[in-house]
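Participant: My questions will all concern the structure given below.
The values are calculated or read from the model by the stated rules, or taken from the named source; none is laboratory data. Given the structure is predicted, the values throughout are model-derived calculations rather than measurements. Positions of Cβ are backbone-derived with ideal geometry, glycine not excepted, and every protein chain shown enters the neighbour counts.
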Number of protein chains: 2
Amino acid sequence: MIQTKHAKKEKPVILVVNDDGVSAPGINHLVEAVKDLGRVVVVAPDKPQSGMGHAITIGYPLRLHKTHIAADVEAWGCSGTPVDCVKLAVDKVLHRKPDICLSGINHGANHSINVIYSGTMSAAIEASIENIPAAGFSLLEHSLEADFTGAKKYARMIVEQMLAKKADKHLCLNVNIPKGDAALIKGVKVCKQAYAKYEEDFKERKDPIGKKYYWLTGEFLNLEKSKDTDVWALQNNYVSVVPVQYDLTNYALKKKIEKDYTWG
Amino acid sequence: MIQTKHAKKEKPVILVVNDDGVSAPGINHLVEAVKDLGRVVVVAPDKPQSGMGHAITIGYPLRLHKTHIAADVEAWGCSGTPVDCVKLAVDKVLHRKPDICLSGINHGANHSINVIYSGTMSAAIEASIENIPAAGFSLLEHSLEADFTGAKKYARMIVEQMLAKKADKHLCLNVNIPKGDAALIKGVKVCKQAYAKYEEDFKERKDPIGKKYYWLTGEFLNLEKSKDTDVWALQNNYVSVVPVQYDLTNYALKKKIEKDYTWG
């Protein structure tokens, strides 16, 4: 990876990725929202990769192909996962680290426990591991025709600040935006990830030769009602911003099991 | 999900999963290590799923097929990811939550940042989200003929304590075991996840019709030298145990950006 000598004097390089695929409207909205803030380069999956979490491609090679997303924006489709896109963008497209990495705008929520399944957020987390400040943006509406006005407004507001202020070299923000009329959004809440989970209910069906198969469905259960969570913020029409980390160490439990367990 | 009335009086139900696939020697070693501690049920991917992280299968159905792993042990191959295996096992194989979920024994390390890419650890984390105490075990050797003596000894020692002591309903342990002679292992260290990453170096090749493709390779960089990390423990021939959490909120950064940023 080569850091170009004069990179810091030039326009910031903004890497844009997503998990819905390079042809999803959401990524186009994100590019539109930020494209005058720097040199935008898109490297995104060439097909939908929702729910891919932090998967990387081992044992198969990856492809990159030039594609089109908006005027004057370099864009590539990648055959891999959202995390693969970040790795390949740095090493083979940009040949340097971007100044910021933005992921989304996802069609659908990535609040609470969804952060862990989300390709959108995993791409942002991957960038933050590499000291690239990053943010993932998700709109709480799946429709391809969703109104992205509010999402674009808040994405731009947040990106401007990320470019202006060095909060942390591993800064990673999980931003979710309420659906509907942008004028009704009350503002932004910086939150913690709500403890929520899915109550799985696989639907059992039979194929034409009588063999069983299963479709994943489930009911979302929010198990934490406190006002400092992302779920609360979104239910009350605020944009939720959760700073996300990749250190998974549970320090409280570390102390507890050091004491309680016998380690031979 | 039906919790059977007398479940607590019966032998504990031990769900075993992995990411190397149901036919990998490592999962057989794990089953051998713990099978007299409870009723062991295996639900593992029907093919290698290394590097799948917390991916789940959306948009495609899943299959389960009965397979064989050891005498008297119920075993299923699943067409999905390691996390899919845990979800499907609870809902469609066990029809209840197991008392514990064990993942591995992985052929290869899952210390430091590897936890985030690891299907082995993601399966354990998925269980812990569901209030199922869980542990992932990884041996620092890829070979199919690796000596699992030490890994089996320490896995059993840890599982016995997990079954005996209720440390936490979300307990999730990332256990890595040094390779080589079990007699040389000095003991166990409860650690934090080392800050380490990969310096990616994609190898560019050309297919028979001249089009480029890329193979992921990279150099592991340990960026944290302190003695309380898993990498230090393993380098010094200790088994490393890192308690792992699924709350990705960065609380320190939450305070900082609440103060430093303008939220409009």
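Participant: Scanning for something loosely packed, with under 14 Cβ neighbours inside 10 Å, modelled with pLDDT of 95 or more, of a type in the set (A, V, I, L, M) and out of contact with any Ser or Thr (no Cβ under 9 Å at 6 or more places or on another chain), does segment A:210-231 turn up at least one residue?
Facilitator: Looking through segment A:210-231, none of the residues is loosely packed, with under 14 Cβ neighbours inside 10 Å, modelled with pLDDT of 95 or more, of a type in the set (A, V, I, L, M) and out of contact with any Ser or Thr (no Cβ under 9 Å at 6 or more places or on another chain).
Participant: What do you reckon, is B:Ile158 within 26 Å of A:Leu223 (Cβ to Cβ), at pLDDT 95 or above and of a type in the set (Val, Ile, Thr)? Show your work before the answer.
Facilitator: On the way: within 26 Å of A:Leu223 (Cβ to Cβ): no; at pLDDT 95 or above: yes; of a type in the set (Val, Ile, Thr): yes.
It is false that B:Ile158 is within 26 Å of A:Leu223 (Cβ to Cβ), at pLDDT 95 or above and of a type in the set (Val, Ile, Thr).
Participant: Could you please give the count of residues in segment B:125-153 that are within 11 Å of chain A (Cβ to nearest Cβ) and part of a helix (DSSP H, G or I)?
Facilitator: Result for segment B:125-153: 5.
Participant: Does B:Met162 satisfy the criteria of being at the interface with chain A (Cβ under 7 Å from one of its Cβ atoms), more than 30 Å from A:Lys165 (Cα to Cα) and out of contact with any helix residue (DSSP H, G or I) (no Cβ under 7 Å at 6 or more places or on another chain)? Steps first, please.
Facilitator: Details: at the interface with chain A (Cβ under 7 Å from one of its Cβ atoms): no; more than 30 Å from A:Lys165 (Cα to Cα): yes; out of contact with any helix residue (DSSP H, G or I) (no Cβ under 7 Å at 6 or more places or on another chain): yes.
So B:Met162 does not fit the description; no.
Participant: Going through segment B:90-110 one residue at a time, which ones are within 10 Å of another protein chain (Cβ to nearest Cβ) and either within 27 Å of B:Ala146 (Cβ to Cβ) or aliphatic (A, V, I, L, M) (or both)? Reasoning before the result, please.
Facilitator: Just the residues of segment B:90-110 that are within 10 Å of another protein chain (Cβ to nearest Cβ), to begin with: B:90-92.
B:Val90 - this is the single residue of segment B:90-110 that is within 10 Å of another protein chain (Cβ to nearest Cβ) and either within 27 Å of B:Ala146 (Cβ to Cβ) or aliphatic (A, V, I, L, M) (or both).
Participant: Look through B:Gly59, B:Gly77, B:Gly51 and report the one residue that is surrounded by fewer than 24 Cβ atoms within 10 Å (Cβ to Cβ), under 13 Å from the mean Cα position of the chain (by Cα) and either part of a loop (DSSP other than H, G, I, E, B) or modelled with pLDDT of 95 or more (or both). Outline the logic, then answer.
Facilitator: Values: B:Gly59 fails: under 13 Å from the mean Cα position of the chain (by Cα); B:Gly77 fails: under 13 Å from the mean Cα position of the chain (by Cα).
B:Gly51 is the lone residue from the list that is surrounded by fewer than 24 Cβ atoms within 10 Å (Cβ to Cβ), under 13 Å from the mean Cα position of the chain (by Cα) and either part of a loop (DSSP other than H, G, I, E, B) or modelled with pLDDT of 95 or more (or both).
Participant: Could you please tell me which pairs satisfy a Cβ distance under 7 Å, a separation of 6+ or placement on different chains, a first residue in segment B:186-215 that is more than 30 Å from A:His170 (Cα to Cα), and a second residue that is small (Gly, Ala, Ser)?
Facilitator: Pairs found: B:Gly187/A:Gly264; B:Val188/A:Gly264.
Participant: Right, next: Could you check segment B:1-23 and list, in sequence order, the residues that are modelled with pLDDT of 65 or more, in contact with a Lys or Arg (Cβ under 7 Å, 6 or more places away or on another chain) and part of a loop (DSSP other than H, G, I, E, B)?
Facilitator: Within segment B:1-23, B:Lys11, B:Gly21 meet the criteria.
Participant: In segment B:163-180, what residues are surrounded by fewer than 24 Cβ atoms within 10 Å (Cβ to Cβ) and of a type in the set (A, V, I, L, M, F, W, C)?
Facilitator: Correct list: B:Leu163, B:Ala164, B:Ala167.
Participant: Can you name every residue in segment B:111-123 that is within 11 Å of another protein chain (Cβ to nearest Cβ) and either part of a helix (DSSP H, G or I) or of a type outside the set (Val, Ile, Thr) (or both)?
Facilitator: Pass one, segment B:111-123, residues within 11 Å of another protein chain (Cβ to nearest Cβ): B:112-119, B:121-122.
Residues satisfying the conditions are B:Ser112, B:Asn114, B:Val115, B:Ile116, B:Tyr117, B:Ser118, B:Gly119, B:Met121, B:Ser122.
Participant: Can you tell me which of (1) part of a helix (DSSP H, G or I); (2) surrounded by 24 or more Cβ atoms within 10 Å (Cβ to Cβ) is the one B:Ile105 doesn't meet?
Facilitator: The failed condition is (1).
Participant: Please work out which one of (1) of a type outside the set (A, V, I, L, M); (2) within 10 Å of chain B (Cβ to nearest Cβ); (3) assigned to a strand (DSSP E or B) is the condition A:Lys66 fails and give its number.
Facilitator: (2)
Participant: Taking the stated definitions as given, is A:Lys203 surrounded by 14 or more Cβ atoms within 10 Å (Cβ to Cβ), at pLDDT 95 or above and among the charged types (D, E, K, R)? Show your work before the answer.
Facilitator: On the way: surrounded by 14 or more Cβ atoms within 10 Å (Cβ to Cβ): no; at pLDDT 95 or above: yes; among the charged types (D, E, K, R): yes.
For A:Lys203, the condition - surrounded by 14 or more Cβ atoms within 10 Å (Cβ to Cβ), at pLDDT 95 or above and among the charged types (D, E, K, R) - is not met.
Participant: Now a separate question. Any idea which of A:Val90, A:Val42 is in a helix (DSSP H, G or I) and more than 30 Å from B:Asp84 (Cα to Cα)? Spell out the reasoning first.
Facilitator: Working: A:Val42 fails: in a helix (DSSP H, G or I).
Testing whether each residue is in a helix (DSSP H, G or I) and more than 30 Å from B:Asp84 (Cα to Cα) leaves just A:Val90.
Participant: Then there's this: Please state which of the following conditions A:Thr81 fails to meet, knowing it meets all the rest: (1) facing chain B (nearest Cβ under 9 Å); (2) of a type in the set (Ser, Thr, Tyr); (3) farther than 20 Å from B:Lys197 by Cα.
Facilitator: Only one criterion is unmet by A:Thr81, namely (3).
Participant: Taking A:Trp263, is it facing chain B (nearest Cβ under 9 Å), surrounded by fewer than 19 Cβ atoms within 10 Å (Cβ to Cβ) and over 29 Å from the mean Cα position of the chain (by Cα)?
Facilitator: Working: facing chain B (nearest Cβ under 9 Å): yes; surrounded by fewer than 19 Cβ atoms within 10 Å (Cβ to Cβ): yes; over 29 Å from the mean Cα position of the chain (by Cα): yes.
Answer is yes for this residue.
Participant: For segment B:72-95, how many residues are on the phi > 0 side of the Ramachandran plot and touching a residue at least 40 places away in the same chain (Cβ under 8 Å)? Before you say what the answer is, go through the steps one by one.
Facilitator: We begin by selecting, within segment B:72-95, every residue on the phi > 0 side of the Ramachandran plot; these are B:72, B:95.
Retained after the next criterion (residues that are touching a residue at least 40 places away in the same chain (Cβ under 8 Å)): B:95.
Within segment B:72-95, residues that are on the phi > 0 side of the Ramachandran plot and touching a residue at least 40 places away in the same chain (Cβ under 8 Å) number 1.
Participant: Another question, then. For segment B:166-218, name all the residues that are over 23 Å from A:Thr81 (Cβ atoms) and at the interface with chain A (Cβ under 7 Å from one of its Cβ atoms).
Facilitator: Residues satisfying the conditions are B:Ala167, B:Asp168, B:Leu171, B:Gly187, B:Val188, B:Val190, B:Lys192.
Participant: Quick check on my filter: what residues within segment A:219-255 are touching an Asp or Glu at 6+ places or on another chain (Cβ under 6 Å), facing another protein chain (nearest Cβ under 8 Å) and part of a strand (DSSP E or B)?
Facilitator: First, the residues of segment A:219-255 that are touching an Asp or Glu at 6+ places or on another chain (Cβ under 6 Å): A:219, A:221, A:240, A:242, A:253.
Of the ones still in play, those that are also facing another protein chain (nearest Cβ under 8 Å) are A:242, A:253.
Residue satisfying the conditions is A:Val242 alone.
Participant: Go through segment A:16-44 and give me each residue that's within 21 Å of B:Ile56 (Cα to Cα) and without any contact (Cβ under 8 Å) to a residue 60 or more places away in the chain.
Facilitator: If we filter segment A:16-44 for residues that are within 21 Å of B:Ile56 (Cα to Cα), which is where we start, we get A:17-22, A:24, A:44.
Selection gives A:Gly21, A:Val22, A:Ala44.
Participant: Exactly one condition in (1) modelled with pLDDT of 95 or more; (2) closer than 24 Å to A:Tyr195 by Cα; (3) of a type in the set (Gly, Ala, Ser) is false for B:Gly108; which is it?
Facilitator: (2)
Participant: Name the residue that is farthest from B:Cys172 (Cα to Cα), counting only residues in segment B:135-147 that are in contact with a strand residue (DSSP E or B) (Cβ under 6 Å, 6 or more places away or on another chain) and not small (Gly, Ala, Ser).
Facilitator: Per the stated criteria, the residue is B:His142.
Participant: Would you confirm whether or not segment A:63-71 contains a residue that is under 25 Å from A:Gly180 (Cβ atoms), touching a residue at least 40 places away in the same chain (Cβ under 8 Å) and hydroxyl-bearing (Ser, Thr, Tyr)?
Facilitator: No: segment A:63-71 contains no residue that is under 25 Å from A:Gly180 (Cβ atoms), touching a residue at least 40 places away in the same chain (Cβ under 8 Å) and hydroxyl-bearing (Ser, Thr, Tyr).
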